[in-house]
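Please treat every number below as a calculation from the coordinates, not as lab data. Note that the structure is a prediction, hence the values are computed from the model and not measured. Cβ: placed from backbone, ideal geometry, glycine included. Neighbour counts: every protein chain shown.
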Amino acid sequence: MNWYLDVLKKYAVFSGRARRKEYWMYILFNAIAAVVLMAVDFALSTYPLLTAVYTLAVLVPSLAVTVRRLHDTGRSGWWYFIAFVPLVGGIILLVFTCSDSEGHDNAYGANPKAALAY
């Protein structure tokens, strides 16, 4: 849960790097929250009200953590827009976010894994 809250605390921080674990734990908790809100929406017959409000609330943090994840792999945040290429764009972005981070400091900051080693 701390991974999810840490991303929300960095609401609009597009600089720096995000470890693979931070990114995927955020995605996991975000998906769980969305499914729960959808179930509540259907139970209350208000679909998609709560789900839409939640999605809009986490839009900026989701973009920010994805950009930081791309930075961790040594890519510019502008690579996010490859997701808009039909058929292959989303797959390429998925591969980028699943890739291991650069093991050294890069142009986007210090290696977050190295900071935890000490």
Subject >> Residue count for the range 67-81, restricted to those that are crowded, with 21+ Cβ neighbours inside 10 Å and out of contact with any Phe, Trp or Tyr (no Cβ under 6 Å at 6 or more places or on another chain) >> reply: 2
Original post:
Quick check, is Leu59 within 25 Å of Ala18 (Cβ to Cβ) and without any contact (Cβ under 8 Å) to a residue 60 or more places away in the chain?
Top reply: yes
Original post:
Just for the range 17-49: of the residues that are in contact (Cβ under 8 Å) with a residue 12 or more places away in the chain and in a loop (DSSP other than H, G, I, E, B), which one is farthest from Val60 (Cα to Cα)?
Top reply: Arg19
Original post:
Does Tyr47 meet the test of being surrounded by 14 or more Cβ atoms within 10 Å (Cβ to Cβ), over 23 Å from Met1 (Cβ atoms) and over 19 Å from the mean Cα position of the chain (by Cα)?
Top reply: yes
